[in-house]
Each structure stands twice: as structure tokens, then as C-alpha cells.
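K.L.:
Quick one: structure below, then a few questions.
Please treat every number below as a calculation from the coordinates, not as lab data. Keep in mind that this is a model prediction, so the values were computed, not measured. With ideal geometry, Cβ positions are generated from the backbone for all residues, glycine too; neighbour counts draw on all protein chains shown.
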Amino acid sequence: MARSATLALIFYFTSVAAFSQAPPIARLDASAEKQRADRLQARLNDFPNFARYREANAAIGPPAQNEQRVVFIGDSITDSWKLDKYFPAKPYVNRGISGQTTSQMLIRFRPDVIDLKPRVVVILAGTNDIAGNTGPISLEAIEGNILSMAELAAVNGIRVVIASVLPVSDHNRNAAGAQIVQTVRRPPEKILTLNKWIREFCERRGHVYLDYFSPTVDKDGFLRPNIANDGLHPNDKGYEIMAPLAEKAITEALKKKR
């Protein structure tokens, strides 16, 4: 065996042994780093992540006669939402992708929303833009992406519901007891500014504004600690609050003329 190959094998087995003997926290850190690296590589290969729903989109078929199909597009908050549990027997389609920004959603809006021919689209987006998940972006650019999604929907006869960005908090702690800080990457004042624009935009254009913020915020302006486990993502209690609000907004949108 060549010397270089031998050295490579020694390095590999040494790394495996070291990883298996590492403390749990170190292994978790290494696992988290690998996940981040995998996400970055996937983003480089397919920035909008067309692949995520390609097969599902091909299989779903056109809406049945009189079917009031609704597509929910968004990030992890939508992705983790078990729509069939909270909206049983409803033709609601989940097209959320964890970690995504409005720039990615806008690119995939045609295959993941328009081509499915829904009556209504529910857009929940912006928190990952504020966090800079795909790089720095101004509030004006975030607003432009949301506006473009709404325009694409409207011109294709799809009624539009745009949800507010949920508040975040630093109330929660991880399994090790350390504080989970969310407000540094997602400053509350930026969330408030974006939500104000979304509300005013919906009023100007005749879209439905879905206010998730007000029922989920505490007296200090943070996400209520009992409805999220990490200060960002709703838990079951959080989705229980959101579901009737979404249903009411969808009903309102269906009443609007195309």
C-alpha cells in the first residue's frame, strides 16, 4: 500500500476513535457543524431547493372540481407544521423549507405554488432574512421579495394571505441549561418594522394580513416562553394558537374576488 494511502487510513481511524471517545457536547458540536456544512453544500448545488418538493409536486395533480386548495409556503415554522393534524380533511399543502429566506422562496414560487393551482397561498417569511441565513439583506429587499410573490400569485388568480413574522425571545434554555439567544440575529425592532410594512402592504393591495405576532408576544415584546422551546419555533401550543388564525384568514381570502 502506498505511504499516502496508509497515512490516510491512520488519520481516518484515529479520527473515528477520537470522535467516539469525545464528550457528548463535543460530538454534538461536530454533528451540528456537519449539518451546517451539508446545508451549505446543498444550497450551492440547488439554491432554492427545487429538489425538495419536485416529486411531490409531480404527484399531487390538479385540484379536484370545487377543491379549495391552499398552499402554505415558508421556512421551518411552516415546514414543521403538521397541517393534516391542525386542519384535518382540508386540502392544505405544505411547501415550507427549513432555513429558507424570501429570496429562495421567490425563486421556487412557480413550481411550489403557482403550478399547484391553489385558491389561496399563505406566505410566512422574513425571520431568516433578518438573521442573514443567505447573506446580508436589507429590509427593503425582503419587502420586495414578498411583494413579488404576492404579485405572482395575484396575476395567476391566487388569493394572497401574508403572515406577520413571529416574535422571538431569549427566555428558553437548551438541554444543558444554557440560555438560547435569538434576539441578536433577529432584533425585535427589525421584526416590528417588517410586520408594519406587511400590514400596510396588505391594506394597500387588498390582501389578507394574518397577524401571528400579537397573540404570541408577551408584555415585554418577546415570544411567549410556553409556546416555543427555543425562542423561535412554535411548539404544539404555539401551533394551536396559529391554526384558527390561519383558518380565519383563509376564509376571508376565499371571499375576495380574484
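K.L.:
Using R₀ = 22 Å, calculate the FRET efficiency as 1/(1 + (r/R₀)^6) where r is the Cβ-Cβ separation of Ala154 and Lys248; round to 0.05.
P.N.:
Numbers: r = 21 Å, r/R0 = 0.94.
The calculated FRET efficiency here is 0.60.
K.L.:
If you don't mind, there's one more thing I want to ask. Which whole-number percent is the relative contact order of the range 64-255 (Cα, under 8 Å, 6+ apart)? Numbers along the way, then the final one.
P.N.:
Working: 336 pairs, mean separation 39.0, N = 192.
Once normalised by length, the contact order is 20 percent.
K.L.:
For the residue pair Lys257 and Val181, what label-to-label distance in nm results when each label sits 7 Å from Cα along the Cα-to-beta-carbon direction?
P.N.:
5.3 nm
K.L.:
Shifting gears a bit: Taking H placed 1.01 Å from N in the peptide plane, check which residues at least 5 places from Arg173 or on another chain put their amide H under 5 Å from its amide H.
P.N.:
Ile180
K.L.:
Counting DSSP beta bridges with both partners in the chain, what percentage is antiparallel, nearest 5? Let's see the in-between values first.
P.N.:
Values: 3 of 21 bridges.
About 15 percent, rounded to the nearest 5.
K.L.:
Still on this model: Between Ala89 and Gln65, what's the calculated FRET efficiency when r is the beta-carbon distance and R0 is 25 Å? Round to 0.05.
P.N.:
On the way: r = 17 Å, r/R0 = 0.68.
Result of the calculation: an efficiency of 0.90.
K.L.:
How charged is the neighbourhood of Arg199? Take every other residue with its Cβ under 14 Å from the Cβ of Arg199, and add Lys/Arg as +1 and Asp/Glu as -1.
P.N.:
Numbers: positive: Lys196, Arg204, Arg205; negative: Glu143, Glu200, Glu203, Asp211.
Result for the neighbourhood of Arg199: -1.
K.L.:
How far is helix 24-45 tilted, in degrees, relative to the longest principal axis of the Cα atoms in the chain, given as a value from 0 to 90 rounded to the nearest 10?
P.N.:
On a 0 to 90 degree scale, this one is about 60.
K.L.:
Still on this structure: Go from 0 up to the bin containing the longest alpha carbon distance in the chain, width 5 Å each, and give me the % of pairs per bin.
P.N.:
1, 6, 12, 16, 17, 15, 12, 7, 5, 4, 3, 2, 1, 0, 0
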